[in-house]
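For reference, the structure discussed in these notes is given below.
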Amino acid sequence: MIVVTGATGNVGRTLVRLLTEQGHQVTAASRHIVPSDVPPGVHALATDLARPAADLPATADAVFLLVGGELMMTGDPTAVVAPFARYGKTVLLSSQGVVTRPDSLSHGRAFAAYEQAVMDSGTDWTILRPGGFASNAYAWAPSVKASRTVSAPFGDVGLPAVDPDDIAAVAATVLTRPGHTGAGYELTGPAPTSPLQRVAAIAAAIGEQVTFVDQTREEARTQMLTFMPAPVADTTLDIIGTPTPRERAVSPDVEKILGRPATSFSDWARRNAAAFA
């Protein structure tokens, strides 16, 4: 039995499918999950990690632990991790910010606290530290659909965004195969791409011209404050505007674990073209 938290998200949904296709018994846990969200034979468990359901499996071979949103910022990491400490292995989805932005509460310190709680839990553990997700481009979908435009700052600054399906594939591997205990992996795409290049890839995927509108940092910050706290917005803008050398670098870990190159942003865009058409 493998427990997957965050099972309806960009990573969790694919991870549940991959594990099921491999023949593993899976409990898919998320706050608002329903049976139609998961493949046949998967147990859908509605639970909140802040108040875990009493019917979490009593035993399991492993858990994929994803802590997000407000709980990541304000929760007690030891208390959140504790219900899963009885399982044999914990794979935590953390953030590259733990190593590149250790002084940032939102991108470094909060994730580091959960990493430490997992390391102290007594289970075998593996830490996954992705950089920016390719799926962050979904935020552009409404304007692409409405006016074939994208507004974003720092149009020429490239970062190696990672495909969430690659994160899921890595997670499936380290959950089910030996040799990864005590390891931390940084997960990136195969090459840096700038917002201008990503918009061009989306345009090619849908076969339409899409115009890039360059925002100032302050314009972007004002927009971001409508859906995220100011410290998160400021650190995010620092990362996408003035990334560190490590944030710009391509990590070999996806290819090392999967035995194939990481998925390019262009391939991600082609696979998800319907979201922008």
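The values are calculated or read from the model by the stated rules, or taken from the named source; none is laboratory data. It should be emphasised that the depicted structure is a prediction, and the values quoted were computed from it without experimental measurement. Here the Cβ positions follow ideal geometry from the backbone for every residue, glycine too, while neighbour counts run over all protein chains shown. Protein only, heavy atoms only, side chains kept; ligands, DNA and RNA dropped before computing areas. Shrake-Rupley method; radii C 1.70, N 1.55, O 1.52, S 1.80 Å.
Determine the calculated [θ] at 222 nm for the chain from helices alone, applying -39500 (n - 2.57) to every DSSP H run no shorter than 4 residues and normalising by the residue count; nearest 500 deg cm²/dmol.
Taking each H run of at least 4 residues, the total per residue is -10000 deg cm²/dmol.
Rounded to two decimals, what ratio of Rg to Rh does the chain give with C-alpha atoms and a Kirkwood Rh?
On the Cα set of the chain, Rg over Rh gives 0.96.
Given H placed on each backbone N at 1.01 Å, which residues far from residue 184 in sequence or on other chains put an amide H within less than 5 Å of it?
127
Could you tell me the accessible area of residue 177 in Å² (1.4 Å probe, neighbours in place), rounded to the nearest ten?
140 Å²
How tilted is helix 230-241 with respect to the longest principal axis of the chain? Cα atoms for both, answer in degrees (0 to 90, nearest 10).
Taking the Cα atoms of the chain, the angle to 230-241 is about 60 degrees.
Beta carbons within 10 angstrom, averaged per residue: use that to sort the peptides 191-201, 251-261, highest first.
In descending order of packing, they fall as 191-201, 251-261.
How do 186, 219 rank by accessible surface area computed with a 1.4 Å probe, from largest to smallest?
So, going from the largest accessible area down, we get 219, 186.
Give me the one-decimal nm value for the distance between modelled label points at residue 208 and residue 149, 7 Å along each residue's Cα-to-Cβ direction.
My value for the distance between the label points is 1.4 nm.
About the Cα centre of the chain, how large is the charge dipole given +1 on each Lys and Arg Cβ and -1 on each Asp and Glu Cβ? Please answer in debye to the nearest 20.
With Lys and Arg at +1 and Asp and Glu at -1, about 340 debye.
Based on alpha-carbon centroids, what's the gap between the range 225-264 and the range 197-212 in Å, whole number please?
21 Å
Pick out, from 171, 84, 237, the residue whose Cα sits farthest towards the positive end of the charge dipole of the chain, with +1 on the Cβ of Lys and Arg and -1 on the Cβ of Asp and Glu.
Going by the Cα projections, it comes out as 171.
Normalising by the residue count of the chain, find the relative contact order in percent from Cα pairs under 8 Å and 6+ residues apart.
Worked out over the chain, it gives 18 percent.
Report the accessible area of residue 218, computed with a 1.4 Å probe over the heavy atoms of all protein chains in place, in Å² rounded to the nearest 10.
In the full protein context, residue 218 sits at about 110 Å².
For residue 124 and residue 78 in one chain, what is 0.36 nm times their gap in residues minus the Cα-Cα distance, to one decimal in nm?
15.0 nm
If a paramagnetic tag sat 7 Å from the Cα of residue 248 along the Cα-Cβ line, which residues of the range 130-162 would have the backbone N under 12 Å from that point?
157-160
Once you have a ≥ b ≥ c as the square roots of the Cα gyration tensor eigenvalues for the range 192-264, tell me rounded if a/c is under 1.5, and otherwise prolate or oblate according to whether a/b is larger than b/c.
Oblate shape, in that a/c is at least 1.5 and b/c is the bigger or equal ratio.
Could you order 125, 268 by accessible surface area, starting with the largest, using a probe radius of 1.4 Å?
125, 268
By how many degrees, between 0 and 90 and to the nearest 10, does the Cα long axis of helix 164-176 differ from the longest principal axis of the chain?
20 degrees
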